[in-house]
Number of protein chains: 2
Amino acid sequence: MTQPHSFLPIIRAGIDTYRQPVVYMREDCHLCRAEGFSALTRVRIEAGGRSLIATLNVVTAEGWLPPDTAALSIAAWNALRPERQGVQAEFSHPEPPASTSAIRNKVFGGKFDAASASQIITDMVAHRLSDLDLAAFVTACAGDRLDIAETIALTRAMTDAGQRIDWGTEPVLDKHCVGGLPGNRTTPIVVAVIAAAGGLIPKTSSRAITSPAGTADTIEVMTPVDLDITSMRRVVEAEGGCLAWGGGLDLSPADDILIRIERPLDFDSDGQLVASILSKKLAAGSTHVLIDMPVGPTAKVRTGAAAEDLSARLSAVAAEIGIELRVHCSDGTAPVGRGIGPSLEARDVLAVLRRSADHPPDLRDRALDIAGALLDMGVPDGRGRQTAETLLESGAAEAKFMAICAAQGGFHEPGIAPERAIETAGRRGRVTAIDNRRIAKIAKLAGAPGRQTAGVLLLARPGDTVEPDTPLYEIHAETPGELAWARDYARAGTSPFQVEAEK
Amino acid sequence: MTQPHSFLPIIRAGIDTYRQPVVYMREDCHLCRAEGFSALTRVRIEAGGRSLIATLNVVTAEGWLPPDTAALSIAAWNALRPERQGVQAEFSHPEPPASTSAIRNKVFGGKFDAASASQIITDMVAHRLSDLDLAAFVTACAGDRLDIAETIALTRAMTDAGQRIDWGTEPVLDKHCVGGLPGNRTTPIVVAVIAAAGGLIPKTSSRAITSPAGTADTIEVMTPVDLDITSMRRVVEAEGGCLAWGGGLDLSPADDILIRIERPLDFDSDGQLVASILSKKLAAGSTHVLIDMPVGPTAKVRTGAAAEDLSARLSAVAAEIGIELRVHCSDGTAPVGRGIGPSLEARDVLAVLRRSADHPPDLRDRALDIAGALLDMGVPDGRGRQTAETLLESGAAEAKFMAICAAQGGFHEPGIAPERAIETAGRRGRVTAIDNRRIAKIAKLAGAPGRQTAGVLLLARPGDTVEPDTPLYEIHAETPGELAWARDYARAGTSPFQVEAEK
């Protein structure tokens, strides 16, 4: 199939469109005329043997773009990696992506098979699908609209679309928390304990999807997480564990694309959640995976029934792809620790590892439960919890954590936000509950996770007795605008703290 | 609720983002720092008493944007209408749109009520929803996911969000064709006949959603369609009918926003289709509406069962909102007329109105059937079809059409595309079917409807006997690139013409 071809020099537009590849061309450009390109046309760009598909934005002739030149957004430039500014690129109409009919079929209530899943994920990773196509796919899979067979197909397709690491030995331990519980930052502690116990735990984590901080966001406050596979192997060989950001490793790259769409939409799907978790684990070479699943009315998993449902999905898919998986349900009725937001959570983690007098005991307990269960998966002698506690109390876990940070590029002490405001109870009574979703929203409006020190510091817990002037929480922000915005939201509706008058 | 406020001068970015409001701000701008704006943040902009919410793209400090200045995309500039370049605008975080939780509920399989529909449509029209939110809403309603109550709620909300015209008299006649049949351009003929008969038919039409030409695209080839309500009233008072583009009249403005998302996604929903049709009719003041519904395996409505289903939806909603509605099912197995694309379809329309010897008889018959049925809805004497035919044959309809065009701003003879290529049968046999979808796709790849003279001219019909070198159709394009692209697609897969060997 011959294609009409045309060339233009490409330059950097210096415009950040948040990962969506955009190309800017002038309305009077010969190529727009000849090819019939107009705004939002999908355009194929090839240079130096690499190609990508970008969305066209048309610049007026009086605009900033020189004649007969095309400019690439930051995401497009980074994906195409031209050798220099001004290099000639070839422009053409992309073939209509083969997967759009598979997506349409799913939108209209059909099922996809392994071949369709592979087609969709291949097109996704090659940037052949527009943001609207991706939003339609995410929506069509939302809630429980993926069955087990589709979830397995999606998991395999997502794994196959990226790198796979083989550690050459077993067991390779791993854990994952199904999110929704602000501050539940057990990972750095668990990795330190397991590695201190001699287990192999090459941990990759993700950044926040819809939460105020992902594990990678929190760890990044303390040490670089953007490792490539070579440096990850080096860290793991030296220390038995690592704390890497998975997004830098090309493990299940489709997952990052889906996250880019799910984050602004603020919803995802059970099936995609399972495929996201397990494709990353399979690609990372994990053989034994413990899933921490907090259950509570404002957590991601709200009821015992929902937890059973999701556990069944996870187990069914894990069995099919050869991963040994155990689900550990935990209390999800309130945030964990005191801090919510990258730096604030990092401070909690360090307090536990350092056995500080003011460490948050709930975070410590949860981390030890998970580390213990994971040790029992590797060596099923039922002594995991005890071993974990010993390693934490002896300082072995802290030493291991600092060694891992050193191997990854050094340790940094978390900072504190310059702008802070305390919210008080306003009435007398007892704190009966904290709304995870509202507290997370306040932390996000304050700037988390984009601003490392932004977030919320909890100053009271469920069960506490409070007076009207008792501080409940403190909002942390890096700018006055963000602080004001978060505080306005916090004061506008119901308080995230439920305070009931005592009888 | 107080808001942090900040000011920046705004200029035109001169970037066409196809109706999506985008604001460009520099990464080093004091306001980005103070407010915590980053790429894809939704930003509220207020100037001269008007406001809008735009998506932020961040420009690097070395980029084209002067320091401490914000630039607006063409869509954002036109929506805000600042009095001049450099005017100070106020920037703030928008309140989270109230309707996102209603959309999320729908995405997860819930139903929306009248209040939620109103909230969604109000936010949509105020540009408070992002393109991803809109894609999620369209997808969540896709297929048959809207029930009758939701469809009624959506229709009312869409009507209430814009202007409503009151003609002060009854009946106000109207027709609508449920699309999917390329070339089925009966509207200009029906309006000319009804107005010539003394009926009141203030017709508004839309542009193409996923087809190679909408009625407004075709009429625009011959006369201006971008009328405001005042000029529309003037034309209708003088001639009894008009041929206006509905999008310029603020009738059901949400419909145009939904279309902007549905077009690139290339799918819509039964419920949204009904709401789209009936909200426009209700807003336009129509009291008697005839729905032309072509049914065929590659038409929009594929089976008799689907037609019954859609008719039932249309009738149920019409009854509820006080419109008298009749559905006229027609043969949808092949394209109508010869031309597909704005100019080519306009030429077919003129051939019928002018009683040219080579007029397409199927287009003439369909237009007369519809005009007749519509006349019978107004005056139920069963003589509608006969009256319609007399008015066409006498030249009264042609004269009325020319008078309407003159009143709308003048008549232009349709042009012909400079680039053309004929596709032949390649084998001996009989044409048994034409695939509406493939032929529409070829016309779109050739440039229709953006390029007026682009499209496909059919040179054979089902039932014709052909030789290998018999021309089947001719692709028309305005540029060599588009011609090559359409021809490549046409030759790559199955031919849109099914040719079977004769026994």
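The table that follows gives values for the structure above.
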{"read-out": "Test: residue in the stretch B:107-118 that is within 14 Å of another protein chain (Cβ to nearest Cβ) and assigned to a helix (DSSP H, G or I)", "value": "yes"}
{"read-out": "Filtered residues of the stretch B:436-477 (kept if hydroxyl-bearing (Ser, Thr, Tyr) and open to solvent by less than 40 Å² (accessible area, probe 1.4 Å))", "value": "B:THR453, B:THR470, B:TYR473"}
{"read-out": "Evaluation of B:ALA244 against (1) part of a helix (DSSP H, G or I); (2) assigned by TED's automatic domain parsing to the domain that holds B:LYS400 (one fails), failing number", "value": "(1)"}
{"read-out": "Failed condition for A:GLU220, given (1) within 30 Å of A:ALA417 (Cα to Cα); (2) modelled with pLDDT under 95; (3) assigned by TED's automatic domain parsing to the domain that holds A:PRO342; (4) open to solvent by 20 Å² or more (accessible area, probe 1.4 Å)", "value": "(2)"}
{"read-out": "Selection count where residues are under 27 Å from B:TRP167 (Cα atoms), open to solvent by less than 10 Å² (accessible area, probe 1.4 Å) and touching a Leu at 6+ places or on another chain (Cβ under 8 Å), scope the stretch B:287-302", "value": "4"}
{"read-out": "Single unsatisfied condition, A:VAL235 versus (1) open to solvent by 10 Å² or more (accessible area, probe 1.4 Å); (2) within 30 Å of A:ARG383 (Cβ to Cβ)", "value": "(1)"}
{"read-out": "Strands (runs of 3 or more DSSP E) contained in the stretch A:384-503 and holding at least 1 residues farther than 30 Å from A:GLY372 by Cβ", "value": "A:419-424, A:429-434, A:471-477, A:497-500"}
{"read-out": "Single residue of B:LEU344, B:LEU374, B:LEU350 found to be among the hydrophobic types (A, V, I, L, M, F, W, C) and either touching a helix residue (DSSP H, G or I) at 6+ places or on another chain (Cβ under 7 Å) or without any contact (Cβ under 8 Å) to a residue 24 or more places away in the chain (or both)", "value": "B:LEU374"}
{"read-out": "Sole exception among (1) aromatic (Phe, Trp, Tyr); (2) open to solvent by 10 Å² or more (accessible area, probe 1.4 Å); (3) assigned to a strand (DSSP E or B) for A:PHE91, by number", "value": "(2)"}
{"read-out": "A:ASP123, sole failed condition from (1) crowded, with 24+ Cβ neighbours inside 10 Å; (2) outside any loop (DSSP other than H, G, I, E, B); (3) at pLDDT below 95", "value": "(1)"}
{"read-out": "Residue within the stretch A:333-341 that is without any contact (Cβ under 8 Å) to a residue 12 or more places away in the chain and either assigned to a helix (DSSP H, G or I) or open to solvent by 30 Å² or more (accessible area, probe 1.4 Å) (or both) present", "value": "no"}
{"read-out": "Qualifying residue in the stretch B:294-305 (condition: at negative phi, part of a helix (DSSP H, G or I) and either touching a residue at least 24 places away in the same chain (Cβ under 8 Å) or assigned by TED's automatic domain parsing to the domain that holds B:LYS203 (or both))", "value": "yes"}
{"read-out": "The stretch A:136-163 residues that are free of Cβ contacts under 8 Å to residues at least 60 places away in the same chain, paired with ones that are among the small types (Gly, Ala, Ser) (beta carbon under 6 Å, 6 or more apart)", "value": "A:ALA136/B:ALA135; A:ALA153/A:ALA114; A:ALA153/A:ALA117"}
{"read-out": "Selection status of A:ALA275, modelled with pLDDT of 85 or more, within 14 Å of the chain's Cα centre (by Cα) and assigned to a strand (DSSP E or B)", "value": "no"}
{"read-out": "Test result for A:SER99, polar (S, T, N, Q), within 13 Å of another protein chain (Cβ to nearest Cβ) and either buried (at least 19 other Cβ atoms within 10 Å of the Cβ) or within 29 Å of B:ASP268 (Cβ to Cβ) (or both)", "value": "yes"}
{"read-out": "Output for the stretch A:138-156, where each listed residue is open to solvent by less than 10 Å² (accessible area, probe 1.4 Å) and either out of contact with any helix residue (DSSP H, G or I) (no Cβ under 9 Å at 6 or more places or on another chain) or more than 14 Å from chain B (Cβ to nearest Cβ) (or both)", "value": "A:GLU150, A:THR151, A:LEU154, A:THR155"}
{"read-out": "B:ASP250 being surrounded by fewer than 24 Cβ atoms within 10 Å (Cβ to Cβ), under 17 Å from B:ALA407 (Cα atoms) and at pLDDT below 95", "value": "no"}
{"read-out": "Members of the stretch A:12-64 found to be at the interface with another protein chain (Cβ under 7 Å from one of its Cβ atoms) and of a type in the set (D, E, K, R), listed by number", "value": "A:ASP16, A:ARG33, A:GLU35, A:GLU62"}
{"read-out": "Residue within the stretch B:158-166 that is at pLDDT below 90, within 22 Å of the chain's Cα centre (by Cα) and part of a loop (DSSP other than H, G, I, E, B) present", "value": "no"}
{"read-out": "Given (1) buried (at least 19 other Cβ atoms within 10 Å of the Cβ); (2) within 13 Å of chain A (Cβ to nearest Cβ), index of the condition B:PRO82 fails", "value": "(2)"}
{"read-out": "Condition met for A:ILE194 (open to solvent by less than 10 Å² (accessible area, probe 1.4 Å), at pLDDT 95 or above and within 21 Å of A:VAL327 (Cβ to Cβ))", "value": "yes"}
{"read-out": "Pair list, Cβ < 8 Å and 6+ apart or interchain, from the stretch A:446-462 residues that are closer than 12 Å to A:ARG420 by Cβ and within 13 Å of chain B (Cβ to nearest Cβ) to residues that are charged (D, E, K, R) and open to solvent by 20 Å² or more (accessible area, probe 1.4 Å)", "value": "A:THR453/A:GLU478; A:ALA454/A:GLU478"}
{"read-out": "Count - residues of the stretch A:94-106 that are touching a Phe, Trp or Tyr at 6+ places or on another chain (Cβ under 9 Å) and assigned to a helix (DSSP H, G or I)", "value": "5"}
{"read-out": "Output for the stretch A:284-320, where each listed residue is closer than 19 Å to A:GLU150 by Cβ and in contact with a helix residue (DSSP H, G or I) (Cβ under 7 Å, 6 or more places away or on another chain)", "value": "A:LEU310, A:ARG313, A:LEU314, A:ALA316, A:VAL317, A:ALA318, A:GLU320"}
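To keep it simple, each residue is scored yes or no on (1) under 30 Å from B:TYR489 (Cβ atoms); (2) open to solvent by 40 Å² or more (accessible area, probe 1.4 Å); (3) among the hydrophobic types (A, V, I, L, M, F, W, C).
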{"site": "B:GLY378", "(1), (2), (3)": "no, no, no"}
{"site": "B:GLY382", "(1), (2), (3)": "no, yes, no"}
{"site": "B:ALA399", "(1), (2), (3)": "no, yes, yes"}
{"site": "B:HIS412", "(1), (2), (3)": "no, yes, no"}
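The values are calculated or read from the model by the stated rules, or taken from the named source; none is laboratory data. Predicted model, so just to flag it, every value in this text is computed and none were measured. Positions of Cβ are backbone-derived with ideal geometry, glycine not excepted, and every protein chain shown enters the neighbour counts. Note: areas computed on protein heavy atoms with side chains; ligands, DNA, RNA excluded. Shrake-Rupley method; radii C 1.70, N 1.55, O 1.52, S 1.80 Å.
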